[in-house]
Amino acid sequence: MPFKAYTDGDDVIEKWINPADGTTYDDIYTPAWRWRQAIWNDLKARMDWCVEPYQNTNNHPIAVLKGDTTNNIVTIKANYNEHIVLNASGSNDPDDDKISYKWWVYSEAGEKPYHMPLEIENSSSVKTSLMIPKDAATKSLHIILEVTDDSQIVPLIDYRRMVVIVTNY
């Protein structure tokens, strides 16, 4: 099942403030800005891979979502007022760097996205849960897991996506 990644003509609901200079972005391209630093760091790491021995480079951490070690999107069905478990246990780093976690809702994605603000409690924990709000019935929630290593060379991120299809209405 394909999922759209952009607002595709929908009203933009995203606003991003660049922490480096305070500039606010809120146009149709704003959803892509959040990935900019990770893209840049990925490029820097790939350049290192071309000229440095393995031990002098950084490699991406591996994000594991609900026990799934692939890069596939994990799709589940849930009812409103249900708690779903968000679990990144098993995530690791091939260079043995310390890793951190960040869970967030990608509100622009999907055919029937849920556009209301949705906070994930303990969003920096390896395992947490999320309550599906009643007004999310018939919508889809796209939950992103970011696993970041703390490499001193260049920090890298691995992403995983869970799509929650809210089934009752």
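Since every read-out is calculated from the coordinates, none of them should be taken as a lab result. Because the structure is a prediction, the values reported are computed rather than measured. Using ideal geometry, Cβ is built from the backbone for each residue, glycine included, and neighbour counts are taken over all protein chains shown.
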Checklist entry - By count of other Cβ within 10 Å, fewest leading, how are LEU141, LEU130, LEU118 ordered? => result LEU118, LEU130, LEU141
Item to check | Sorted by Cβ neighbour density within 10 Å, fewest at the top, the residues ASP97, ASP135 | outcome: ASP135, ASP97
Next on the checklist: Between (i) 50; (ii) 34; (iii) 58, which entry matches percent of Cα pairs over 22 Å apart as derived from the coordinates of this structure?
Outcome noted: (i)
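Taking region 51-97, how much of its Cα-Cα pair set, in percent, is spaced more than 14 angstrom apart?
Cα-Cα pairs of region 51-97 separated by over 14 Å account for 62 percent.
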Checklist outcome for this item: With R₀ set to 22 angstrom, the calculated FRET efficiency between the beta-carbons of ILE28 and ILE73, to the nearest 0.05, is 0.40
Checklist entry - Using the alpha-carbon atoms, what tilt in degrees (0 to 90, nearest 10) does helix 36-51 show relative to the longest principal axis of the chain? => result 30
Next on the checklist: Going through the cross-link list LYS15/LYS44; LYS15/LYS66; LYS77/LYS112; LYS15/LYS77; LYS44/LYS66; LYS15/LYS98, which pairs have a Cα-Cα distance over 23 Å in this structure?
Outcome noted: LYS15/LYS44; LYS15/LYS66; LYS15/LYS77; LYS44/LYS66; LYS15/LYS98
Checklist outcome for this item: Checked against the positive end of the charge dipole of the chain (+1 on Cβ of Lys and Arg, -1 on Cβ of Asp and Glu, about the Cα centre), the farthest of MET47, ILE132, TRP104 is ILE132
